[in-house]
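Visitor: Pasting a structure below so you can have a look.
All of the numbers you see were taken from the coordinates with simple rules; none came from a lab. These figures come from a predicted structure and were not determined experimentally. Virtual Cβ from ideal backbone geometry, glycine too; neighbours counted across all protein chains shown.
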Amino acid sequence: MPGAAEIAAAGAVVSRKASTGNEVLLVHRPKYDDWSFPKGKVDPGEHVTAAAVREVAEETGLDIRLGPPLGTQRYHVAGGTQAKEAHYWVGRVVGGDDVSAYSPNHEIDAVSWVPADLAAQRLTYRRDRETLAVLEAVGKKTHPLIVLRHARARPRRSWKGDDRKRPLSRVGEFQAEQLVPVLSAFGAQRLLSSSSRRCWQTVSAYADVVDAEIEVTDALSQEDATSESVREQVGVLLAAKEASVLCTHRPVLPWVFEALGLEDPKLEPGSILVAHHRRGKVRATEQHAVAFH
């Protein structure tokens, strides 16, 4: 409906392997008497990726990390006066996946692992069945490699010292803080950065929160990087079966994307491209920006 307010929501299709095959996690809402995937509204100022993880935790009690995106559902609610965009990802459980102790409440009164081949019958809405079909097409587990352009730095013209030591601006520091829940949503474990201060400073806020070390290398610096050195660093991360971050500079990014076999999306400062990979090949991508306030 023209002029209607739009509601942003986020959630995940959480899956697991069971003795009888793959299962997906469904929730029942007594208010609507429907079965669907865990999801909910994005809070003001919250990033959609963080919202997806939070909503799954609140509605099911499970802690997840995000895999590849499953697309966006668009539909009208509240008698057709409001449009909703619900963003979904593959969800992988971190820790225990037992939901038998879940306490029913007025919003979600049942949480259930359902065999994937039966879930389509349980789901109330066609849009959810279509999202389930996207999950089935994703295939085996992937790992996220998060390519990050460093946040906004102090202008070069105002910095008199060694450019490698040029720090983030106040806006850049804010962006670095905003990146924390986004990187956390993907469960980033390995942090690889250019040796320049503005790069490692961009990931330091996240590193502090998760108590992780930042690996710094001249091979990704604006002054020393080459196509070969970048390809080598990317290759190491593609070979690893863990969520990783690679933070570097705008002039170096084309080599990063070339090594990934992707077109350069020309990231803005503090923005990311997530390359979901398996067996050294990128299977899916998504791009996210953070606030510039």
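Visitor: Using Cα pairs under 8 angstrom and six or more residues apart, how large is the relative contact order of the stretch 72-201, in percent? Don't jump to the answer; show the numbers that get you there.
Guide: Numbers: 82 pairs, mean separation 20.7, N = 130.
Answer for the stretch 72-201 is 16 percent.
Visitor: For a quick protection proxy, order the peptides 10-20, 228-238, 145-155 by their average other-Cβ count within 10 Å, most packed first. Display every interim value, and only then the final one.
Guide: Numbers: 10-20: 19.0, 228-238: 17.5, 145-155: 22.8.
Per-residue mean Cβ counts within 10 Å order the peptides as 145-155, 10-20, 228-238.
Visitor: Averaging sequence separations of C-alpha pairs under 8 Å and six or more residues apart, then dividing by the length of the stretch 225-292, give the relative contact order as a whole percent.
Guide: Values: 61 pairs, mean separation 19.3, N = 68.
Relative contact order, the stretch 225-292: 28 percent.
Visitor: Now a separate question. Determine the sum of side-chain charges near ASP208: Lys and Arg each +1, Asp and Glu each -1, restricted to other residues whose C-beta is under 15 angstrom from that of ASP208. Can you show the working numbers first?
Guide: Details: positive: none; negative: GLU173, GLU177, ASP211, GLU213.
Net of charged neighbours comes to -4.
Visitor: Let me ask something else. Normalised by the number of residues in the stretch 143-288, what is the relative contact order in percent for Cα pairs under 8 Å and 6+ residues apart? Walk me through the intermediate numbers first.
Guide: Working: 290 pairs, mean separation 48.5, N = 146.
Relative CO of the stretch 143-288 lands at 33 percent.
Visitor: Among the aspartates and glutamates, which fall within straight-line cross-link reach of LYS281, defined as a Cα-Cα distance under 20 Å, with same-chain neighbours fewer than 8 residues apart omitted?
Guide: GLU136, GLU228, GLU232, GLU242, GLU258, GLU263, ASP264
Visitor: Among the lysines, which have Cα under 22 Å from the Cα of LYS31 when same-chain residues fewer than 8 positions away are ignored?
Guide: Qualifying lysines at Cα under 22 Å: LYS39, LYS41, LYS84.
Visitor: So what's the net charge close to ALA133: Lys and Arg +1, Asp and Glu -1, counting the other residues with Cβ under 14 Å from its Cβ? Show your work: numbers first, answer last.
Guide: Values: positive: ARG126, ARG127, ARG129; negative: ASP117, ASP128, GLU130, GLU136.
My count for the surroundings of ALA133 gives -1.
Visitor: I've got another one for you. Assign unit charges at the C-beta atoms only (+1 for Lys and Arg, -1 for Asp and Glu), then state the dipole size of the stretch 6-138 relative to its Cα centre in Debye, rounded to the nearest 20.
Guide: Values: 15 positive and 19 negative charges, 58 e Å.
For this selection, approximately 280 debye.
Visitor: Let me ask another. Find out how many positive minus negative residues lie around GLY40, taking Lys and Arg as positive, Asp and Glu as negative, among other residues whose Cβ is under 10 Å from that of GLY40.
Guide: On the way: positive: LYS39, LYS41, ARG54; negative: ASP43, GLU55, GLU58, GLU59, GLU107.
Once all neighbours under 10 Å are counted, the net charge is -2.
Visitor: So, by mean Cβ neighbours within 10 angstrom, what's the order for 45-52, 85-92 with the highest one leading? Mind dumping the intermediate values first?
Guide: Values: 45-52: 19.8, 85-92: 23.0.
Per-residue Cβ counts within 10 Å, averaged per peptide and sorted highest first, yield 85-92, 45-52.
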